[in-house]
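The values are calculated or read from the model by the stated rules, or taken from the named source; none is laboratory data. What you are looking at is a predicted structure, and each value in this text was computed from that prediction instead of being measured. Positions of Cβ are generated from backbone atoms using ideal geometry, with glycine treated the same way; all protein chains shown enter the neighbour counts. Calculation scope for accessible area: heavy atoms of the full protein, side chains included, ligands and nucleic acids excluded. Shrake-Rupley method; radii C 1.70, N 1.55, O 1.52, S 1.80 Å.
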Amino acid sequence: MKNFLVLLVVFSLFSCGNSESEKINYAILKGKITNPTANKIIVFKGQNNSKEITLDQQGQFNDTLYFEKGFYTLRHGNEATKIYLEPEYDLNVTLDTKAFDETIKYSGNGSHHNNYIAASFINNETEKLSYYPLYTKEEDEFVSAAQKLKETKLSFLNKRDSLSDDFKNNEKKNIEFEYFLSLKRFPSYHKYYTKKEVFEPSENFKDYFKDFDYLNEADYLNVENYKNLVLYHFNEKINTAKDKKKEIENINKTAFQSLKNDLAVNMSFSLAPNNEDNSLFFEAITMLSNDNEFKDKIKKKFSTIETLATGKPSPEFTNYENHKGGTTSLKDLSGKYVYMDVWATWCGPCLREIPFLKQTEEKYHNQNIEFVSISIDTPQAYETWKKMVTDKELGGIQLLADNDWKSKFVTDYAIEGIPRFILIDPQGHIVDANAPRPSDPELVKLLDGLNI
């Protein structure tokens with residue numbers, strides 16, 4: 001997952017007869033990826049701390065990272081893992097993408113912290129798989145289960161004697177705030193999983209967050225789950241506020257800048273065709289963020305979204321490879337409604353929609369509508385795409401985009417997350433650039449209303 005090419009040059013400074021070596025301010029990251037699925041790894045923490053490292057033909061890498069001490073994400077293809085870096089680390093990483101998390105191994109200076117991270121992920125995997133269904137439990141039972149999960153993680157941490165005090169203290173905070181984050185999510189998650197239309201936790205439950213400090217900048221910058229908790233809190237406040245504009249203005253007055261920047265990024269994902277809050281969120285992003293490059297990007301996205309309103313001509317795709325042979329363009333489908341699914345073989349939520357999409361296709365079979373699935377898989381996943389379409393007996397028209405995420409059709413529709421569904425009328429005009437998913441009953445209502 002992580003690799004970096006390393007040139008080490010240590011200069012000695014001499015002054016008044018005394019010599020002192022400069023303190024090393026970089027970490028070395030090297031290693032090997034077996035069965036690579038891409039030609040690079042990316043190590044990042046936000047937009048400002050990011051580095052791409054190219055693999056050689058054997059999947060090896062070696063580079064230098066001038067990052068501050070802290071937790072980062074190492075990504076290779078569609079897989080990622082958490083990694084901890086400090087200046088002076090000389091860290092070697094090996095893994096096999098066929099069992100990504102299970103095969104990660106670290107050696108060298110810094111390996112003790114990172115092997116703990118890898119081991120704790122595997123150790124907690126069984127707990128995580130059973131964790132979310134716990135939201136169906138009633139309040140007291142849920143709190144007990146969440147506390148037990150926290151104690152399990154703390155026990156695993158405390159058995160690791162080789163960890164530094166700074167690392168251990170940070171991880172204890174991380175586990176504690178993960179517990180509070182689960183409590184914070186409980187009301188909405190419980191309502192969702194139990195399908196209750198109305199649910200309110202007890203007054204005693206609300207005491208868990210009495211006098212809770214959501215504006216601790218040091219913890220926000222250094223403790224991952226505190227950051228997740230704070231973002232969840234403020235996003236919830238904005239989304240549930242009767243006066244969103246006033247709520248955002250209050251946050252702008254009280255929050256520190258890194259929080260405001262992150263909230264602006266989160267809001268940018270809410271900019272979508274036909275969202276009545278688009279103008280409000282665009283103005284809020286402009287107000288909250290001090291990242292001019294990011295704001296220029298959002299300005300372009302906002303302009304693009306305005307061209308995707310109902311009744312506007314649809315962007316087009318041309319000569320996309322058809323799984324059944326040959327190529328297909330959007331113009332080939334003129335005269336019919338077109339319901340498009342933009343997806344990828346690695347996308348879990350996309351795959352969960354497949355059974356519902358099949359049902360919808362069957363319901364409207366032989367009617368004036370085509371169901372088109374456009375994969376944005378990379379060239380490395382070409383055979384995976386072909387095999388999955390065959391193995392899962394995917395119906396409709398199965399196409400492969402010409403340049404994955406960078407395909408003009410994808411960028412013209414401002415697609416930043418998948419699955420994304422689009423509905424176009426027989427004249428090639430947009431009915432809904434962000435149409436309901438097949439699993440959403442609103443889709444049938446929409447299609448039935450068109451008398452297709």
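In the chain, the calculated helix contribution to ellipticity at 222 nm averages -13500 deg cm²/dmol per residue, counting -39,500 (n - 2.57) for every DSSP H run with n ≥ 4.
For segment 95-103, 3J(HN,Hα) computed residue by residue from phi via the Karplus equation (6.51, -1.76, 1.60; θ = phi - 60°) reads 6, 10, 5, 6, 8, 3, 5, 6, 10 Hz, glycine and proline entered as x. Counting heavy atoms of the protein chains alone, Thr310 has an accessible area of about 90 Å² for a 1.4 Å probe. Expressed in units of 2.2 N^0.38 Å, where N is the residue count, the Cα radius of gyration of segment 264-375 is 1.35.
The loop-placed GluC sites (Glu not before Pro) in segment 353-452, going by DSSP, that have at most 11 neighbouring Cβ atoms within 10 Å of their Cβ come out as Glu393.
For the chain, the solvent-accessible area works out to 54 Å² per residue, with a probe of 1.4 Å and every protein chain left in place. Of the trypsin sites (Lys or Arg not before Pro) found in segment 92-179, those in coil by DSSP whose Cβ has at most 16 other Cβ atoms within 10 Å are Lys159, Arg160. For the listed residue pairs Lys253/Lys299; Lys206/Lys227; Lys159/Lys206; Lys237/Lys301, the alpha carbons are over 30 angstrom apart in Lys159/Lys206.
The accessible area of Thr240, taken with all protein chains in place and a 1.4 Å probe, comes to roughly 100 Å². Derived scalar couplings between HN and Hα for segment 431-436 equal 8, 7, 7, 9, 6, x Hz in order, rounded to whole Hz, by the Karplus curve 6.51 cos²θ - 1.76 cosθ + 1.60 (θ = phi - 60°), x for Gly and Pro. Averaging 1/r over every pair of different alpha carbons in segment 228-273 and inverting the result gives a Kirkwood radius of 10.9 Å. Give me the net charge for the shell around Asn158: Cβ to Cβ below 11 angstrom, other residues only, Lys and Arg +1, Asp and Glu -1. Computed value for this residue: +2.
Local charge sum around Lys408 (other residues, Cβ-Cβ under 10 Å, Lys/Arg +1, Asp/Glu -1)? So the surrounding residues net to -2. Shape verdict for segment 200-335, please, from the Cα gyration tensor: rounded (a/c under 1.5), prolate (a/b greater than b/c) or oblate. Prolate, since a/c reaches 1.5 and a/b exceeds b/c. Ranking Ser373, Ser334 from most to least accessible surface, computed with a 1.4 Å probe over the protein chains only, gives Ser334, Ser373. Sorted largest first by accessible area at a 1.4 angstrom probe radius, with every protein chain in place, the residues Trp385, Trp346 fall in the order Trp346, Trp385. Stretching Lys363 away from Thr310 to a fully extended chain increases their span by 16.6 nm, per 0.36 nm per residue minus the current alpha-carbon distance. With all pairs of different C-alpha atoms in the average, the Kirkwood value for the hydrodynamic radius of the chain is 25.2 Å.
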